[in-house]
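Visitor: The structure is given below, and queries will be raised subsequently.
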Amino acid sequence: MEPVFDVIAFRQALGQFPTGVCVVTSVIGMDKLGVTISSFNSLSLDPPLILFSIDHRAASLPLWRKAKGYTINVLSENQADVSSRFSRPLTNKWEGIACQLEAGHGLVLPGAAALFHCARWAVHEGGDHLLFIGRVKSFLSFRDRRPLVFIGDDMLPWSPE
């Protein structure tokens, strides 16, 4: 008999690998979509591809499946509140946020450290998540803004020291 796999210990071990914190956004009809992710990765330089994943339990997943484009907002060190806001299934998560629509992609959140505007490339099953692969159409990087980093159970400003 195979031993029981300790999912909680596995998640804690994964938390030892620091990751950036992002909010991926899209617009489907009149619906604004936004969700906090730490599963953002580069996939390919040629063509320029990125990937992120969304939990199958996310209430907004049916809308994400329809998205033709996304904007990845890499959060800056002072945006932990934005991360928290978009990590919950709140109906008013957009209230009070002055965002800008990037035509054919998603919404730009002010103050991000970097932005990636992507067209949908592919969507794949990935266990308890759905993997979204986007082709980067344009990007911006604000080198004067330090990114927000998730490690363990904490969000911290990134520091090269």
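Visitor: Residue 100 fails exactly one of the following numbered conditions: (1) within 16 Å of the chain's Cα centre (by Cα); (2) under 23 Å from residue 143 (Cβ atoms); (3) at pLDDT below 90. What is the number of that condition?
Guide: (1)
Visitor: Which residue out of 41, 73 is open to solvent by less than 30 Å² (accessible area, probe 1.4 Å), without any contact (Cβ under 8 Å) to a residue 60 or more places away in the chain and either more than 21 Å from residue 143 (Cβ to Cβ) or of a type outside the set (Val, Ile, Thr) (or both)?
Guide: 73
Visitor: Cβ-Cβ distance below 9 Å, separation of 6 or more or different chains: which pairs start in the stretch 91-104 with a residue that is free of Cβ contacts under 8 Å to residues at least 12 places away in the same chain and end on one that is surrounded by 10 or more Cβ atoms within 10 Å (Cβ to Cβ) and part of a loop (DSSP other than H, G, I, E, B)?
Guide: Going by the 9 Å Cβ cut-off, the qualifying pairs are 100/109; 100/110.
Visitor: Collect the residues in the stretch 11-32 that are surrounded by 13 or more Cβ atoms within 10 Å (Cβ to Cβ), part of a strand (DSSP E or B) and not hydroxyl-bearing (Ser, Thr, Tyr), keeping them in residue-number order.
Guide: Once the filter is applied, which keeps residues that are surrounded by 13 or more Cβ atoms within 10 Å (Cβ to Cβ), part of a strand (DSSP E or B) and not hydroxyl-bearing (Ser, Thr, Tyr), the stretch 11-32 yields 20, 22, 23, 24, 27, 28, 32.
Visitor: So, one more: Quick check on my filter: what residues within the stretch 41-68 are outside any loop (DSSP other than H, G, I, E, B) and over 13 Å from the mean Cα position of the chain (by Cα)?
Guide: Hits for the stretch 41-68 are 43, 44, 45, 48, 49, 61, 62, 63, 65, 66.
Visitor: Please verify whether residue 120 is farther than 15 Å from residue 37 by Cα, part of a loop (DSSP other than H, G, I, E, B), open to solvent by 50 Å² or more (accessible area, probe 1.4 Å) and modelled with pLDDT of 90 or more, treating the condition exactly as stated.
Guide: Values: farther than 15 Å from residue 37 by Cα: yes; part of a loop (DSSP other than H, G, I, E, B): no; open to solvent by 50 Å² or more (accessible area, probe 1.4 Å): yes; modelled with pLDDT of 90 or more: yes.
Here the answer is no, as residue 120 does not meet what is asked.
The values are calculated or read from the model by the stated rules, or taken from the named source; none is laboratory data. Bear in mind that the values here come from a model prediction, so they are computed numbers and not experimental data. Reconstructed Cβ throughout: ideal geometry from the backbone, glycine too, with neighbour counts over all protein chains shown. Heavy atoms of the whole protein, side chains included, go into the accessibility calculation; ligands, DNA and RNA do not. Shrake-Rupley method; radii C 1.70, N 1.55, O 1.52, S 1.80 Å.
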